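Everything below concerns the one structure shown next.
Read-outs: derived from the displayed coordinates by stated rules, not from any lab. Predicted model, so just to flag it, every value in this text is computed and none were measured. Using ideal geometry, Cβ is built from the backbone for each residue, glycine included, and neighbour counts are taken over all protein chains shown.
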Amino acid sequence: MVRPRAAVTSAIIVGDPGDGHVLAVVQAVADLGGPSPFIVDAAALSRKPFCVLDDHLTLDGSSIELNGCTNGWLRRHAPSAWGAGTVSGSLDAARLRAFMSVIGSIARASGPVWLTPLDKMLRAEDRLEQLAVARAMGFRVPKTIVTSSGSQAADHLGLPFVVKPMVNGYYRTDDGPRAVFTTALTATDLDEVDFAAAPFVAQEQITPIEHLRVVTVGDRAWTASLSAADRPLDWRRQPEAHFEWREAADDQVIRCALRLSGALGIGFSSQDWLRDDDGLIFIDLNPGGQWLFLPPEVSDPATRSIAKYLVEGDPDG
Amino acid sequence: MERPAGHGAWLQADLDGYRRRMTQRPDLFEYLGEPVPEIRADGTVHSPTDTETYDDDDIAMLPTSLDEATIISKADTETYDDDAGLGNLADLGSSSTLITRNDSETYDDDQGAWFGLGLQ
């Protein structure tokens, strides 16, 4: 068997080259004078010729020696909607899973030092685990229950209470795709739904003063805030809310967010906190979340820190 | 209603009733799910709420590669390539649209919105 041609040594990004966040980091790497990172995800493997041979990865004619990689950033295995609509257990599902498995192996390669290692990322994606860790650290978290009984949730949380998907609220129907946002349920809603058919995270409803989005990279963090006045429960449902985040110099939430990301062992996180009349409360975090919609005072340094990690191995340098 | 005999039969009756309840009412996904733009396998985006016309089919054609990523600005009607500002998302404001293949985020000037599929 012919070994792949001489590999380049550079950083590696597991992510979609069309993802704006990947693009921004790649540009920042170039600005720092670093070599172009090798970019791969499951979708790329599915549409381009590739080969994994020992510690060599070749994709569409480009090659990289994984053990020779310096640093790695695991952004996402695949685009968010990749494989959406695939029927579980189908031939297509088997194919997708095979590509995902290859990406998983690449993301576990021991050569690169990953900003967030794969297994740490998977743990950190677990909503209940996040809450458990935050609670154990003494942070306020919403009262939370996962149950097949809506009345049990109401008894525990009071009415109305909030529900959000365990993992992903995106699905396809014959009439097109749909998304589930964080929503408050009333007694009337409980009469209408089958609570047992799919588990959701149910939480007490908080009345926030402001939303806080904290982006952490290594030991650094930046915060943006959004006034909760006149917002829906899930701010993403309000178009103007996407443009009204402002930089916030909030040392308290930054300290809390860094402690939490440190406890979870993740080099990057996008965290959601609320402030109400009683202070800070942790809502959830995403170890592969978005940050470019935030003001440039927040998003730009976060982008540069990831790039510095890829080039220099130190996001704080 | 006549009671079925024996513990096992009672248990089965309970389970049957439980399953009937599950099938008669929508679950939370069905009950709460809202239409969002669809990204199809052929690389087109179909939005159920967006009335903006990107092309004559009312469908936004997505670029086939990063280099073909396109920003469409409603304000000046020019089409830029990625060199012109993919890295400047914050500068797009509410009057522009960024479309990239396989990117589930749509920056949509009608909605002013970003349909954060997977966004947390």
>> Using square roots of five times the C-alpha gyration tensor eigenvalues, list the equivalent-ellipsoid semi-axes of segment A:278-317 in whole Å, biggest first.
In response: 24, 13, 11
>> Suppose we look only past 28 Å in the calculated P(r) of chain A. What percent of the Cα-Cα pairs does that tail hold?
In response: 45 percent
>> Projecting each Cα onto the charge dipole of segment A:170-287 (Lys/Arg +1, Asp/Glu -1 at the beta carbon, about the Cα centre), which of A:ALA184, A:LEU264, A:THR207 comes out farthest on the positive side?
In response: A:LEU264
> Can you sort A:PHE50, A:PHE268 so the residue with the fewest Cβ neighbours within 10 Å comes first?
Replying inline: A:PHE50, A:PHE268
> Extension gain A:LEU122-A:ASP174, at 0.36 nm per residue separation less the Cα-Cα distance, in nm?
Replying inline: 15.6 nm
> Any idea how far apart A:THR207 and A:ALA184 come out in nm if each label point goes 7 Å out from Cα toward Cβ?
Replying inline: 0.9 nm
> How many lysine pairs in chain A, separated by 8 or more positions in sequence or lying on different chains, have Cα atoms less than 27 Å apart?
Replying inline: 4
> Gain in length, A:ARG47 to A:MET137, computed as 0.36 nm per residue apart minus the alpha-carbon separation, to one decimal in nm?
Replying inline: 28.0 nm
>> Apply the a/c threshold of 1.5 to the C-alpha gyration tensor of segment A:67-109 and tell me whether it is rounded, prolate or oblate.
In response: oblate
> Å³ per residue of the Cα convex hull, for segment A:1-155?
Replying inline: 168 Å³
>> Taking 22 Å as R0, compute the FRET efficiency from the Cβ-Cβ separation of A:LEU32 and A:ASP219 and round it to 0.05.
In response: 0.70
> Using the 10 angstrom Cβ neighbour count as an exposure proxy, how do A:MET121, A:MET137 rank, fewest first?
Replying inline: A:MET137, A:MET121
> For the residues A:ASP155, A:ASP300, what sequence is obtained by ranking on other C-beta atoms within 10 Å, fewest first?
Replying inline: A:ASP155, A:ASP300
